[in-house]
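Report on one structure; see the data block that follows.
The values are calculated or read from the model by the stated rules, or taken from the named source; none is laboratory data. All of these numbers come straight from a predicted model, not from anything done at the bench. Using ideal geometry, Cβ is built from the backbone for each residue, glycine included, and neighbour counts are taken over all protein chains shown. For the accessible areas, the whole protein counts, side chains as well, though only heavy atoms, and no ligand, DNA or RNA atoms are used. Shrake-Rupley method; radii C 1.70, N 1.55, O 1.52, S 1.80 Å.
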Amino acid sequence: QVQLVESGGGLVQAGGSLRLSCAASGRTFSSYSMGWFRQAPGKERLFVATIKWSGSSTYYAESVKGRFTISRDNAKNTVYLQMNSLKPEDTAVYYCAAYGTAWGYRTKPSDYDYWGQGTQVTVSS
């Protein structure tokens, strides 16, 4: 089991940047690959990015490639999402998630075992 808590959301103008953090509890964080998802009101939860347990591999949704960067610091039990060049369509609740099975380009919410509570990101035009 792992508990995840997101932070760092807020209001930002289009073109601005935010860095989201996801803090994990326990001693097993380095065993989990991680992902970020986002969900706007009335919309399905969509994949944003994922990172291997070792940090050696990443994968991004096409909509955020070149703008967002996922990273992790296993010593701090934390995964990050650096968001640059933000657009109004990036507005959503952002969730971090974890899975303990073999690494892959996992893009479905059902691929993940554990979830944080979410943090709101609002991008104004």
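Restricting to lysine pairs 8 or more places apart or on different chains, what number in the range 1-107 have Cα atoms under 23 Å apart?
Here the count comes out as 5.
Over the chain, what percent of the accessible surface lies on carbon and sulfur atoms, probe 1.4 Å?
Carbon and sulfur: 47 percent of the exposed surface of the chain.
Among the aspartates and glutamates, which have Cα under 16 Å from the Cα of residue 108 when same-chain residues fewer than 8 positions away are ignored?
44, 62
Taking 0.36 nm per intervening residue step and subtracting the Cα-Cα distance, what contour gain separates residue 114 from residue 101 on full extension?
3.5 nm
Around residue 34, under 12 Å between beta carbons, what's the net of Lys plus Arg minus Asp minus Glu among the other residues?
Neighbour charge sum, excluding residue 34 itself: -1.
Write down the accessible area per residue of the chain in Å², having rolled a 1.4 Å probe over the full set of protein chains.
Roughly 50 Å² per residue, with all protein chains present.
At 7 Å along the Cα-to-beta-carbon direction for both residue 7 and residue 23, put a label point, then send me their distance in nm to one decimal.
For the pair residue 7/residue 23, the computed spacing is 0.4 nm.
With the radius of gyration and the Kirkwood radius both derived from the Cα set of the range 1-80, what is their ratio Rg to Rh?
That ratio equals 0.97.
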